[in-house]
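What follows is a set of notes on a single structure, which appears directly below.
The values are calculated or read from the model by the stated rules, or taken from the named source; none is laboratory data. All values derive from a computational prediction rather than experimental measurement. All Cβ positions, glycine included, derive from the backbone under ideal geometry; neighbour counts span all protein chains shown.
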Amino acid sequence: MDPIDSALTMAGPMTFAKGKQLAMKFVQAVAILIAAVLLVVTILPAAERPVTGLQHDFEHFAAFALVGILFAASFEIRTSLLLLAGVAYTLMLECLQIPLPTRHARVEDFIVDAIAICLGIVLVRLGRSCVLRFQS
């Protein structure tokens, strides 16, 4: 049991359940916020896009893996549906760039983004599955 679960358990069962539910809502909000930020950054003119200094593919991979991790950790949706939604989301972001004069939709970006979001989802779901097996 992690320290947060231990502290909430000592406070009582009702507090534990409410605290865990509140934490999940917070992570859901963060996941949605980061997905929205990626949407905005995707459609901004290239000159206004923030620069991290990281290599292009690594930057994409890290951002989309984080979204996958957060969504998989906070939403109780079947993994297959979450994977499908993740790939659809990355495809949508690339397609949104097609009509924009300063942006370029790239198949390579779509592939990197889709792999990253799916890897984030799968890692969280596998980790959760392992934890549940060891607890029982």
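Residues of the stretch 108-127 that are in contact with a helix residue (DSSP H, G or I) (Cβ under 8 Å, 6 or more places away or on another chain) and without any contact (Cβ under 8 Å) to a residue 24 or more places away in the chain: Phe110 alone. Against the list (1) over 22 Å from Val27 (Cβ atoms); (2) under 11 Å from the mean Cα position of the chain (by Cα); (3) small (Gly, Ala, Ser), the condition Ala65 fails is (1).
Every residue, every condition in (1) hydrophobic (A, V, I, L, M, F, W, C); (2) under 13 Å from the mean Cα position of the chain (by Cα), yes or no:
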| position | (1), (2) |
| --- | --- |
| Ile69 | yes, yes |
| Leu83 | yes, yes |
| Gly86 | no, yes |
| Leu93 | yes, no |
| Phe110 | yes, no |
| Arg125 | no, yes |
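Would you say Phe61 is touching a helix residue (DSSP H, G or I) at 6+ places or on another chain (Cβ under 7 Å) and surrounded by fewer than 18 Cβ atoms within 10 Å (Cβ to Cβ)? So Phe61 fails the test. For the stretch 26-65, a residue qualifies if it is of a type in the set (Val, Ile, Thr), without any contact (Cβ under 8 Å) to a residue 24 or more places away in the chain, assigned to a helix (DSSP H, G or I) and more than 18 Å from Leu96 (Cα to Cα), and exactly one does: Ile32.
Any residue in the stretch 10-17 that is of a type in the set (A, V, I, L, M, F, W, C), farther than 30 Å from Cys95 by Cβ, modelled with pLDDT of 90 or more and surrounded by 13 or more Cβ atoms within 10 Å (Cβ to Cβ)? No, the stretch 10-17 contains no residue that is of a type in the set (A, V, I, L, M, F, W, C), farther than 30 Å from Cys95 by Cβ, modelled with pLDDT of 90 or more and surrounded by 13 or more Cβ atoms within 10 Å (Cβ to Cβ). In the stretch 67-94, the residue that is farthest from Leu39 (Cα to Cα) out of those that are β-branched (Val, Ile, Thr) and in a helix (DSSP H, G or I) is Thr79.
Residues of the stretch 79-130 that are closer than 16 Å to Val41 by Cβ, surrounded by 14 or more Cβ atoms within 10 Å (Cβ to Cβ) and either in contact with a Pro (Cβ under 6 Å, 6 or more places away or on another chain) or β-branched (Val, Ile, Thr) (or both): Thr90, Val112, Ile117.
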